[in-house]
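Right, one structure below, let's go through it.
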Amino acid sequence: MDTTPESYLDLFPLEAIVYLTPDSENVLEDIDPDKVYVLGGLVDESIHKQLTLRRAREQCLQTARLPIREYMVKAPNSRNYHSETLAINQVFDVLSTYYETRSWPAALKAGVSSGKGYVLPDAAEQ
């Protein structure tokens, strides 16, 4: 991993960039080594729906979301709380684990805490 103060828009062709946002209608099915994945993060305590999606659209970028709905189920909880919005480190953990294992269930288990209200189907049955 490299870090730089330069913008990803200046470093990579637009067609190679995929902006990850929980509001995308596109599901990330696999990691393409020829793509650059931008973790659409906000340093804020509140959730601003659609903000990262709007930002990506303004920049004419492809978007995708993690396949949480496709592989996980809503767990019953006292607050009836369910959120697909993850911290940047959680998204990174999911992507890293998926890249190593090629298993979305393993990756999501590694990065999505039970506090988000989602669990793998087998965990919901316990």
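Summary of values
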read-out	value
Residue list for the stretch 59-79, restricted to those being over 12 Å from the mean Cα position of the chain (by Cα) and either under 11 Å from Val112 (Cα atoms) or assigned to a helix (DSSP H, G or I) (or both)	Glu70, Tyr71, Met72
Residues satisfying the stated conditions in the stretch 103-118, i.e. exposed (fewer than 12 other Cβ atoms within 10 Å of the Cβ) and closer than 14 Å to Val73 by Cβ	Ser114
Residue, surrounded by the most Cβ atoms within 10 Å (Cβ to Cβ), within the stretch 53-84, restricted to residues that are modelled with pLDDT of 95 or more and of a type in the set (Ser, Thr, Tyr)	Thr63
Any chance Glu100 is free of Cβ contacts under 8 Å to residues at least 24 places away in the same chain and open to solvent by 60 Å² or more (accessible area, probe 1.4 Å)	yes
Residue in the stretch 80-88 that is farther than 24 Å from Asp34 by Cα and part of a helix (DSSP H, G or I) present	no
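The values are calculated or read from the model by the stated rules, or taken from the named source; none is laboratory data. Given the structure is predicted, the values throughout are model-derived calculations rather than measurements. All Cβ positions, glycine included, derive from the backbone under ideal geometry; neighbour counts span all protein chains shown. For the accessible areas, the whole protein counts, side chains as well, though only heavy atoms, and no ligand, DNA or RNA atoms are used. Shrake-Rupley method; radii C 1.70, N 1.55, O 1.52, S 1.80 Å.
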